[in-house]
Amino acid sequence: DRLSDARQNQLYAPVMRRIGQIMNSEFLKPIFCQTPNPDMDLFKWIKEGKVIIFRMSTGQLSERVIKTLCYWITLNVFLIEISLGGVSEAKGTYMILNEPHQFLSDGMVHFLERMLAEGPKYRLAPVFIFHHFQQFKQHPGFVDMMMSASANWHVFKNTNSKVYDKLMPYLQGTFEDVQQAFEATKRLQYIAVWLNKDGEYEKP
């Protein structure tokens, strides 16, 4: 109440705009504006170590709807892991994010930075599956974040040599140059760069 009308409107407008986006969406409104379904208990499923698959139909859902739902699901998984405190009955949680460039937003990139840093404390391991770094050109900070995070890398055959250039700091323990790494992925299924139990990278 102590704020001016202009300042109140400044805070109120973006919140109402987002609520409007949900209320006016034929897909989001039935999801967010209904009584919770007790049969769908993400907390219970994660605690039990169940495999849960969310499929987003790009042919039916708009880009905004997909981004909203993916952000919401990712946020919920992270909050559930925090509430479990890293002592869930399951061995831990792998969160597979397939083709993340299709649903990233600036807000989600900012959130994933925290999740990558805090996730290991709560036995949450995000797994990003993508073809090449150029897919994230709209979010260059995301690539830097992945490169600096303690993440396992699986490098499959890729004709985009910049993929090998980027990952050369991790690959050089085994491969002398980009070409040698490229040839290896033609012969082998993939090059694996894994962290050991001390959080240090083993040789690929």
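The values are calculated or read from the model by the stated rules, or taken from the named source; none is laboratory data. Being a predicted model, the structure only gives us computed values, none of them experimental. Glycine gets a Cβ as well: all are built from the backbone with ideal geometry, and neighbour counts include every protein chain shown. For the accessible areas, the whole protein counts, side chains as well, though only heavy atoms, and no ligand, DNA or RNA atoms are used. Shrake-Rupley method; radii C 1.70, N 1.55, O 1.52, S 1.80 Å.
With a ≥ b ≥ c the root eigenvalues of the C-alpha gyration tensor of the stretch 58-171, is it rounded (a/c under 1.5), prolate (a/b larger than b/c) or oblate? Oblate, since a/c reaches 1.5 and b/c is not below a/b. The modelled label-to-label distance between MET23 and GLN102, using points 7 Å beyond Cα along the C-beta direction, is 3.1 nm. Calculated on the alpha-carbon coordinates, the convex hull of the stretch 156-204 measures out at 67 cubic angstrom per residue. Here the accessible area of the chain is 52 percent carbon and sulfur, with a 1.4 angstrom probe and all protein chains present. Solvent-accessible surface of the stretch 2-82, taken per residue with a 1.4 Å probe and all protein chains present: 77 Å². Values of log10 I(q)/I(0) for the stretch 28-80 across q = 0.19, 0.30, 0.31 Å⁻¹ run -0.79, -1.30, -1.30, by the Debye formula with one identical scatterer at each alpha carbon and no solvent.
Note on the chain: lysine pairs with Cα distance below 22 Å, sequence gap of 8 or more or different chains, count 22. Converting phi to 3J(HN,Hα) with the Karplus coefficients 6.51, -1.76 and 1.60 and the offset θ = phi - 60°, the stretch 126-132 yields x, 10, 9, 10, 7, 8, 7 Hz in sequence order, with x at every glycine or proline.
For the chain, what is the relative contact order in percent, using Cα pairs closer than 8 Å and at least 6 residues apart in sequence? Relative contact order for the chain comes out at 14 percent. In this rough spin-label picture, where each label sits 7 Å from Cα along the Cβ direction, the HIS131-SER62 distance is 2.7 nm. Net charge dipole, the stretch 107-204: roughly 300 debye, given to the nearest 20, about the Cα centre with Cβ charges of +1 for Lys and Arg and -1 for Asp and Glu. How far is helix 161-171 tilted, in degrees, relative to the longest principal axis of the Cα atoms in the chain, given as a value from 0 to 90 rounded to the nearest 10? Tilt of helix 161-171: around 80 degrees.
How big, in percent, is the set of alpha carbon pairs in the stretch 25-115 lying more than 16 Å apart? Cα-Cα pairs of the stretch 25-115 separated by over 16 Å account for 60 percent. When Rg and the Kirkwood radius Rh are both evaluated on Cα atoms of the chain, their ratio Rg/Rh stands at 1.03.
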